[in-house]
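The values are calculated or read from the model by the stated rules, or taken from the named source; none is laboratory data. Quantities reported herein were computed from a predicted structural model and do not represent experimental measurements. Positions of Cβ are generated from backbone atoms using ideal geometry, with glycine treated the same way; all protein chains shown enter the neighbour counts.
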Amino acid sequence: MFGPLPRLRIYTTASQYWDLLAETLTGRRLNGGEVSELERLFANRAGTAVALALPQARVGIYLSIKHLVRPGQKVILSPYTISDVVNMVVCAGAVPVFADIERATCNIDAAEVEKLIDRDTGAVMVTHFYGLACDIERIAAICKARGVPLIEDAAQAFGVRVNGRAIGTFGDVGIYSFGLFKNVNSFLGGMMIGNDQPAFENIGRELSTYPFQSASGFLRKSVQAVMTDLVTWPLLFRVGFFWLFRYGFLNDVGSVNDRMKNDLDPVLKTEMPNDFLCRMTPLQARMALRQLDGVEAHMHRRIDAAKRYYEGLRDIPELILPPMRTDLSHMYWYYPIQFDSRHDLVGYAMRRFRDISESYHHNCADLPCFAQWYRDCPNTRATARSLIYLPTYPRYPDSEIDKTVKVIRDFFGR
């Protein structure tokens, strides 16, 4: 029996793997001016003074805070994120202050930000989570009125706009990711943009002292990409891997369940890992440049998927659905729904041959490794325990969405 299509597919192509292999073997991966070309293109498209290519988006967070915030100052941020976002704040010498989120949007609450800013606040950092722009106009106005720098983590939301303006351009720094699971995928990498030329000159000087991304580190990431592509290749997934993941979930086999999760073992980092301190290679820039023109079309396809989920599920009051937006302020990295008994719902769906998954994101304010910065964030806690990912990737067909909607409706007796 064939199973369903997989919950995710990554943005990789056969030509990327060929380029990676050929350029690594010949040494060409370090040759060329494409990094500077990519930086100029981003600055021009965003209308900012400067853009700097990054080895990873999280390094952009670290460098932004290091060069904008004095040691010991506070940085207000959402606790609903991966642990390394918090670690970048700590490694940069700042103090994380967790601001609770809005339950429906999964984004930082502007009212919480306004309440928490004080004379010791060095910056506010917002994350546009799951591709949904936060209340960025209000938060930007709050930060401007209080004279506090604003950093936008747009790692999951490249291409998103608010009233026609690109997110990442409302604050002092905007940070994008070109990581393995992002809509522009150079296996590793990212970009930071902004208008504070003195700060960016300092950041650029520091980046210039870093070595290029190592071949071994890049190849390790490419192996992860190959494995992900194999596991989620539709034929192999439908005849084999779905049944393995289904068995693992229904029988609570951690070694199987953890294969499709990230950030499994959060730990506190107080010093920047050496392998983070590197530069994007020209090979990565060439990969990113080839993908930029397809971003908006893929966003529209994700929005169409979200509309289909919304129409099918909006009359189920037990569910919390994300806001339905078609103005490109939400690109629906997933369609994230929330249900208090999510394990029961996901188990029901798995038994009926649907591949959906529980969120792996944490409430970092509750994690033992960050206990010294604990703050009660009830919305984040509830979201982290109840969120479910429904697939929206561009190759996911409407027929699969309809099957998932039907199973969810059956679970609630609709």
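When D344 is evaluated against the numbered criteria (1) modelled with pLDDT under 95; (2) farther than 25 Å from I108 by Cβ, which criterion, by number, is the only one it fails?
(1)
Residue-wise test of (1) of a type outside the set (A, V, I, L, M, F, W, C); (2) out of contact with any strand residue (DSSP E or B) (no Cβ under 6 Å at 6 or more places or on another chain).
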residue	(1), (2)
T127	yes, no
D135	yes, yes
I142	no, yes
E152	yes, no
A155	no, no
G171	yes, no
S177	yes, no
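Any chance you could count how many residues in segment 328-354 are in a strand (DSSP E or B) and under 16 Å from the mean Cα position of the chain (by Cα)?
Residues flagged as in a strand (DSSP E or B) and under 16 Å from the mean Cα position of the chain (by Cα) within segment 328-354 amount to 3.
Say whether the condition of being of a type outside the set (F, W, Y), over 27 Å from P391 (Cβ atoms) and modelled with pLDDT under 95 is met by at least one residue in segment 180-187.
no
From the list Q213, Q224, exactly one residue is closer than 28 Å to C364 by Cβ, modelled with pLDDT under 95 and in contact with a Cys (Cβ under 9 Å, 6 or more places away or on another chain). Which is it?
Q213
On the basis of being touching a residue at least 60 places away in the same chain (Cβ under 8 Å) and in contact with a Lys or Arg (Cβ under 8 Å, 6 or more places away or on another chain), does R28 make the cut?
Judged against the criteria, R28 is not a match.
Taking the residues in segment 306-327 that are hydrophobic (A, V, I, L, M, F, W, C) and either under 19 Å from the mean Cα position of the chain (by Cα) or assigned to a loop (DSSP other than H, G, I, E, B) (or both) as candidates, determine which candidate is farthest from G32 (Cα to Cα).
I316
Within segment 388-408, does at least one residue satisfy the condition of being farther than 17 Å from L8 by Cα, in contact with a helix residue (DSSP H, G or I) (Cβ under 6 Å, 6 or more places away or on another chain), at pLDDT 95 or above and not aliphatic (A, V, I, L, M)?
Looking through segment 388-408, none of the residues is farther than 17 Å from L8 by Cα, in contact with a helix residue (DSSP H, G or I) (Cβ under 6 Å, 6 or more places away or on another chain), at pLDDT 95 or above and not aliphatic (A, V, I, L, M).
Give the residue that is farthest from the chain's Cα centre (by Cα), with candidates limited to residues of segment 355-414 that are basic (K, R) and outside any helix (DSSP H, G or I).
Ranking the qualifying residues of segment 355-414, first place goes to R414.
Could you tell me whether R259 is touching a residue at least 40 places away in the same chain (Cβ under 8 Å), farther than 24 Å from A53 by Cβ and of a type in the set (K, R)?
In short, no.
Give the residue that is farthest from R70 (Cα to Cα), with candidates limited to residues of segment 101-125 that are in contact with an Asp or Glu (Cβ under 7 Å, 6 or more places away or on another chain) and crowded, with 24+ Cβ neighbours inside 10 Å.
It comes out as I101.
Does R314 count as surrounded by 15 or more Cβ atoms within 10 Å (Cβ to Cβ) and not hydrophobic (A, V, I, L, M, F, W, C)?
No; evaluated as a whole, the condition is false for this residue.
Among the residues of segment 145-160, write down those that are touching a helix residue (DSSP H, G or I) at 6+ places or on another chain (Cβ under 9 Å) and in a loop (DSSP other than H, G, I, E, B).
If the condition is that a residue be touching a helix residue (DSSP H, G or I) at 6+ places or on another chain (Cβ under 9 Å) and in a loop (DSSP other than H, G, I, E, B), then V148, P149, A154, A155, Q156, A157, F158, G159, V160 are the ones that fit.
Of the residues R119, R103, only one is over 21 Å from G204 (Cα atoms), in contact (Cβ under 8 Å) with a residue 12 or more places away in the chain and in a loop (DSSP other than H, G, I, E, B); which?
After ruling out the rest, the residue left standing is R103.
Say we look at segment 264-289 and pick out the residues that are loosely packed, with under 15 Cβ neighbours inside 10 Å and charged (D, E, K, R); which of these is nearest to S177 (Cα to Cα)?
Among them, the one singled out is D275.
Among the residues of segment 31-42, is any β-branched (V, I, T), under 26 Å from N262 (Cβ atoms) and at pLDDT 95 or above?
no
Evaluate the following for P198: is it closer than 30 Å to A49 by Cβ and without any contact (Cβ under 8 Å) to a residue 12 or more places away in the chain?
Spelling it out, P198 is indeed closer than 30 Å to A49 by Cβ and without any contact (Cβ under 8 Å) to a residue 12 or more places away in the chain.
Enumerate the pairs (first residue in segment 379-392 and of a type in the set (D, E, K, R); second residue anywhere and at pLDDT 95 or above and not in a helix (DSSP H, G or I)) with beta-carbon separation below 7 Å, excluding pairs fewer than 6 apart on the same chain, so at least 6 apart or on different chains.
Cβ pairs passing all conditions: R381/N363.
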